[in-house]
Amino acid sequence: MVAFGKKLKETQIQEWQGYYINYKLMKKKVKNYMQQIEVSEQSRENVLKDFSRILDKQIEKIVLFLLEQQGEMASRLFVLGQEHDVLVQQQDGSKLSELQQSYRDVGRELLQLLFFVEMNAIGVRKILKKFDKRCGYKLTNYYVKTRANHPYSQLRQIFKHVGVSAVVGTISRNLAELQDNKGNYTSIYDHPGLPLQDPIISSINQAVDRLTNSTDFLHYLGKHALILPEELPTPSEDNAANERYHLMSFLLNLANAFLYMVNTYIIVPTADDYSLSLGAAATLCGAVIGSMAVAQVFSSVYFSAWSNKSYMKPLLFSSIVLLIGNTLYALAYDFNSIYLLLIGRLFCGLGSARAINRRYISDCVPQHLRMKASAGFVSASALGMACGPAVACLLQTDFKFLKITFNQETLPGWIMALAWFLYLLCLWSTFREPPMEDVLLPKANSGQIENGLVQNGITQPLLLSVEEKKQDQDEDQDCDNSEESAEEIQKPVTSIISAYKLLTPSVKVQLLVYFMLKYAMEILLAESSVVTTYYFIWSTSNVAIFLACLGLTVLPVNILVGSYLSNMFEERQVLLASEILVCLGIVLSFHVVIPYSVPQYVCSALITFVAAEVLEGVNLNLLSRVMSSRLSKGTYNGGLLSTEAGTLARVFADSTITLAGYWGMSRLLNVTLLPSLFVCIFSIIATCFTYNSLY
C-alpha cells in the first residue's frame, strides 16, 4: 500500500481537477433546495428529481474521464507490447529492466486513477449525506435504489472495472515474463498460482477489491466474523501490523476460539441428565447452559477493555478461569450440588475471550492476511461447535478413580479442564505479546476522511479551501453539528452510550435480526436433549450425533452462500429469504394435533438451523458495511456489540426453557417456540421497513 501514500504530481492534480465531482457547486444546490422546500412542501418531488439529474451528470463526467484515461493507458501498453516483442529477440538485459519499469509506471498511473475514483465516491457519499441532513428527505435511499441495478447506470459502471481488469492483466502478464530478465519467461495462464509479489500489482488489487461489490467464500467468511476492516491503511500502520504479527500466537488465538466453542456445546447432550442426577428438573438444563451466556455478557466487556493494554494476560486469565470452571462443573456430581454446577458454568462464561480473539485479528494481523485470518476464526468456531457434541458422544463410560466419578455427565468437564490446562502451558511458553504502543497510538495526520482514506495532497480537488471551510462550518453550525470530522472518525468510541448513538436504524435492525437468529438457534439446541428424550426416547449418543450433524452443516452452507448465492442475489434478498425460512422452520416445529414424529422434528430443525446459519453470515456481512468506521477500534467495537446481542439472545432463550418447565414437559416445546416465532415475525417486519437502505 506504499503507492497509496504518494502524492499525485501537481500538474496532474491541475489536469484532473475539472473532472472531480464539484462539491462546492453541489453544496450550493443543497442550500438552494433547502430554501425551496421551506417555501413549498409540494416542491420536494421536483427537488429530488432535479438534484438527482445534476448528480447523474457529475457522475457521468467522472465515468467518461475514466474511460478516456483507460484508453490512453491501453495505447501505451500496446506500444510497450511491441517493444517487448523486439527486446525478447535482442535479449538486452538493461533494456528489459527499463521496459519492466515502464510497465510499473503504467501501473502507478492506474493506481492514481483508482484513487481518483475512490475520492469521487467519497464526494458522492458526502453530498448525499449532506442532502439528507439539510433537506430532511432521504435522497440516498431513492438514488441508490434507482441507480444500483439499472443496466445503463453510470454509478454502476464505476464499480464494474472491466477495463481496469484488462489493464491489470496486461501489466501482470508482462511483469511475470520479465521478472527474472533471463529469458526464462513464465506465463501467468500456465501457472495461475504463480506468486507475483510486485507491490504495484498488490496495491492495485487491493484498491479494486475495495471498490467492487463482488464477493467470494473467503471474504464472506471473513465478514462473518464481523472484524471491521480499517480501509486503506497507511504504510506505517501496515508495517506496524507486520511487526506485531506472530504465526504461533495467531494459531493459539484460533485455538482459544475453537476450544471455547467445544466447551460451550460439549455439555448440551447431557445437561438434562446431569440436572436430574442432582435432583433438579430436566428443564433446568436451560439454566445450566444459559449461565455461561449470562457471565459472557459481562466478560465480553472487560476482556474488550483489557485488550487495550495486553493480549497475553487476558488469554492467560481466560484459560485459568475456564480450567477452574470446568473442574467445578465436573465435581458438582460428587458433591451433589446443583449450585456448584451453575457456579462452574458461570466461571466458564467469565472466561469467554472471543472479544480478545476478534480484537487480536483486527490489530495484529497484516491487512493482506486479515481476511484469511477472519475466515480462519469463523471456521475454527464452526468446527468447535460440531466437535463439542461429537466428543460428548464418545464419553459413554462410568467409573471411579480416587473417589471421583467419571461418567458421561462429568467427563465433559474433566476433558475440557485437561484441554485448557494443556492450552495454558502452550500459551505461556509460545505466545508472543505484541507491542501495544503500536496498537494504541492515534493515527494522526494521515489525511483520512470518512472511512479511511487519503493523503492530504490528493484531496485538494475535492476539499474546500480554508476560507470556504470556515464559511461552510458557520452555515452548518445549527444543522450539521452531528457530522463527524475526519479526526473524530479516527477515534474509537469511549462509552456504550457513544456507541449506541452511532447506530443507524439499519444497524439496529440488523442487530435485532442477529438477536432473533441466535435466540431461535439457542432454543433449538439447548432444549434438543429434553425434547428428543420426551417425544422419541433418544439416548445421549443419538442427541450428540444429531447436534454434531447440525454443526457440520455450517461450513458447507457458508461455501454455498459465499461462493454462489451472494453472487447471484443481493445480500438483502438473501437476508429476507433466510428470515422467512427461519420462520417457516419454527412454524413446522410446533406440536399441533397430529403425533409428533422424528421426521417432523429433524426436518424443521434442519430448516431452522441452516436458514439461521445463512442469515447469520449475511447479517454480519451487512453489519460490517453499514456500521460506523469508529466502531472498528476500541473497547466498544462492532464485534463487541454483535457479541452482546447474541449473548443476550442466548440468555433469554435459556431462561425461556427453564421457565417453560413450570408448564410441564407436554407444553415445553410449544411454549418455547412461541417467543421465537414472535421475535422472528417482528424482525421480518423491521427488515421490510429498512429494506431499501440495505446496500
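Can you compute the modelled spin-label distance between N542 and I580, with each label point 7 Å from Cα toward Cβ, in nm?
If labels sit at N542 and I580, their model points lie 3.5 nm apart.
Cα centroids of the range 566-597 and the range 239-290: how far apart, whole angstrom?
Using only Cα atoms, the two centres lie 27 Å from each other.
Estimate the FRET efficiency between C549 and E60 by the formula 1/(1 + (r/R0)^6), using the beta-carbon distance for r and 51 Å for R0, to the nearest 0.05. Before the final figure, lay out the partial values.
Values: r = 54 Å, r/R0 = 1.06.
So, using R0 = 51 Å, E works out to roughly 0.40.
If you roll a 1.4 Å probe over the heavy atoms of the protein chains, what accessible area per residue do you get for the range 239-322, in Å²? Spell out each step's value before the answer.
Working: 2520 Å² over 84 residues.
Accessible area per residue, the range 239-322: 30 Å².
For the range 632-683, which whole-number percentage of the solvent-accessible area (1.4 Å probe, protein heavy atoms only) is attributable to carbon and sulfur atoms? Before the final figure, lay out the partial values.
Values: 1480 of 2030 Å².
Within the range 632-683, the accessible surface is 73 percent carbon and sulfur.
Over 21 Å between C-alpha atoms is what I'm after, so list which of K28/K133; K313/K372; K49/K508; K24/K501 land there. Show your work: numbers first, answer last.
Numbers: K28/K133 14 Å; K313/K372 25 Å; K49/K508 30 Å; K24/K501 29 Å.
Beyond 21 Å between Cα atoms: K313/K372; K49/K508; K24/K501.
DSSP loop GluC sites (Glu not before Pro) in the range 496-593 with at most 16 other Cβ atoms within 10 Å of their Cβ, which ones?
E570
Of the heavy-atom accessible surface of the range 287-430 (probe 1.4 angstrom), what whole percent is carbon and sulfur?
Carbon and sulfur: 75 percent of the exposed surface of the range 287-430.
Please give, to one decimal in nm, the separation of the simple spin-label points placed at S498 and F298, each 7 Å out from Cα toward the Cβ.
2.5
Over all directions, what mean area does the Cα convex hull of the range 344-422 project, stated in square nanometres? Let's see the in-between values first.
Details: hull surface 26.7 nm².
Mean shadow area of the hull around the Cα atoms is 6.7 nm².
State, to one decimal in nm, how far the label point of A305 lies from the label point of L674, with both points 7 Å from Cα in the Cβ direction.
4.0
Can you send over the solvent-accessible area of W306, 1.4 Å probe, protein chains only, in Å² to the nearest 10?
Looks like 80 Å² after rounding.
Excluding S578 itself, calculate the net charge of residues whose Cβ lies under 13 Å from the Cβ of S578, where each Lys or Arg counts +1 and each Asp or Glu counts -1. Walk me through the intermediate numbers first.
Values: positive: R572; negative: E570, E571, E579, E613, E616.
The answer is -4.
The values are calculated or read from the model by the stated rules, or taken from the named source; none is laboratory data. Just so it is clear, the model here is predicted, and its values are computed rather than measured. Note: ideal-geometry Cβ built from the backbone for every residue, glycine included; neighbour counts use all protein chains shown. For accessibility, only protein heavy atoms count, side chains too; no ligands or nucleic acids. Shrake-Rupley method; radii C 1.70, N 1.55, O 1.52, S 1.80 Å.
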